[in-house]
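The values are calculated or read from the model by the stated rules, or taken from the named source; none is laboratory data. Predicted, not measured: the structure shown is a model, and the values here were computed from it. Here the Cβ positions follow ideal geometry from the backbone for every residue, glycine too, while neighbour counts run over all protein chains shown. We work out accessible area using only protein heavy atoms, side chains counted, and drop any ligands, DNA or RNA first. Shrake-Rupley method; radii C 1.70, N 1.55, O 1.52, S 1.80 Å.
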Amino acid sequence: MTDTLSNPPVHALRPMPGETLCGDQIHCWHREQALWMALADGLGHGPEAHDAASRAMDHLPTLSALPLTECISRCDTLLRGTRGVALAVACIDPAGQLTHVAVGNVRSLLLHQGRLTRLGGARGIVGAGFHHLHVERHHLQPGDWLVMFSDGIREDVPIAAALEAALPTPHTALTLLQRWARDNDDAAILLYCHG
Ligand SMILES: [Mn+2]
């Protein structure tokens with residue numbers, strides 16, 4: 001890895017209270033010097049949601065040699081017969097170029113100098129079809145944050161304020177998860193600070 005991607009992504013997740021398996025899953029990997037990050041929210045909760053989200057995480061690294069839209073389409077085919085997932089995938093190359101796609105109810109935010117940008121997503125479910133996949137690109141500056149989280153965390157939580165003096169550590173991710181996770185769903189959050 002080059003110095004431009006020196007901060008590893010960090011995350012925290014937990015199942016809905018009363019469940020043992022988490023239907024939200026996160027996976028990060030490297031491919032040809034690019035950093036990939038994915039968050040999947042299996043529909044509903046419990047073992048079947050966990051199975052769908054885990055399968056998505058297993059498939060994506062092997063598909064990431066493909067163009068991003070093709071990668072998501074193949075994942076959609078491979079998840080047929082499962083519950084399906086809401087999914088966000090981000091790729092950051094060594095030059096700081098962020099490429100992002102999302103399907104369904106999952107949140108990705110870019111925080112640049114205190115200003116939040118919500119990244120777009122397509123309607124649908126990976127594993128049951130989707131429409132209008134939209135590939136979004138942004139150039140990251142040092143200090144910019146990418147935050148991805150499931151709908152087990154409310155959309156309007158004060159991300160910018162929470163990250164203003166924060167470090168990209170697992171402890172920060174866990175603290176925010178514990179502060180914001182709802183009692184009626186699985187919850188997951190991923191933090192990446194461009195360094
Ligand atoms: Mn959910």
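At Arg14 and Thr69, where each label point lies 7 Å from the Cα along Cα→Cβ, what is the point-to-point distance in nanometres?
Inter-label distance under the simple model: 4.0 nm.
Net charge around Asp186, counting only other residues with Cβ within less than 10 Å of its Cβ (Lys, Arg = +1; Asp, Glu = -1)?
Local net charge: -3.
What number, in percent, do you get for the relative contact order of the chain if the mean sequence gap of Cα pairs under 8 Å and at least 6 apart is divided by its residue count?
27
Give me the distance in nm between label points sitting 7 Å out from Cα along the Cα-to-Cβ direction at His132 and Asp183, one decimal.
Each label point is offset 7 Å from its Cα along the Cβ direction, giving 3.7 nm.
Kirkwood Rh, Cα Rg: Rg to Rh for the chain?
0.94
What nm value, rounded to one decimal, do you get for the distance between His171 and Thr62 when each label is placed 7 Å out toward the C-beta?
3.9
Share of segment 3-193's accessible area from carbon and sulfur, percent, 1.4 Å?
Summing carbon and sulfur atoms, their accessible area is 50 percent of the total for segment 3-193.
With just the Cα atoms defining each centre, how far is segment 15-49 from segment 153-195? Give it in Å.
Here the answer is 15 Å between Cα centres.
For Arg115, project a label point 7 Å along Cα to C-beta. Then give me every residue of segment 124-138 with its amide nitrogen under 18 Å of that point.
Under 18 Å, as judged by backbone N against the label point of Arg115, lie 137-138 of segment 124-138.
If the viscosity is 1.306 mPa s and the temperature 10 °C, what Stokes-Einstein diffusion coefficient in µm²/s follows for segment 65-177 when Rh is the Kirkwood radius over Cα pairs?
105
Which whole-Hz ³J(HN,Hα) couplings does segment 157-171 yield from phi under the Karplus relation 6.51 cos²θ - 1.76 cosθ + 1.60, θ = phi - 60°, glycine and proline marked x?
Those phi angles translate into 5, x, 4, 4, 5, 5, 9, 3, 10, 8, 9, x, 10, x, 4 Hz.
Find the Rg to Rh ratio for segment 1-117, where Rh is the Kirkwood radius over alpha-carbon pairs and Rg uses the same atoms.
Across segment 1-117, the Cα-based Rg/Rh ratio is 0.98.
If you put +1 on each Lys and Arg Cβ and -1 on each Asp and Glu Cβ, how big is the dipole of the chain around its Cα centre, in Debye rounded to 20?
200
With a probe of 1.4 Å, find how much accessible area segment 3-193 has per residue, and write the answer as a whole number in Å².
Result: 45 Å² per residue.
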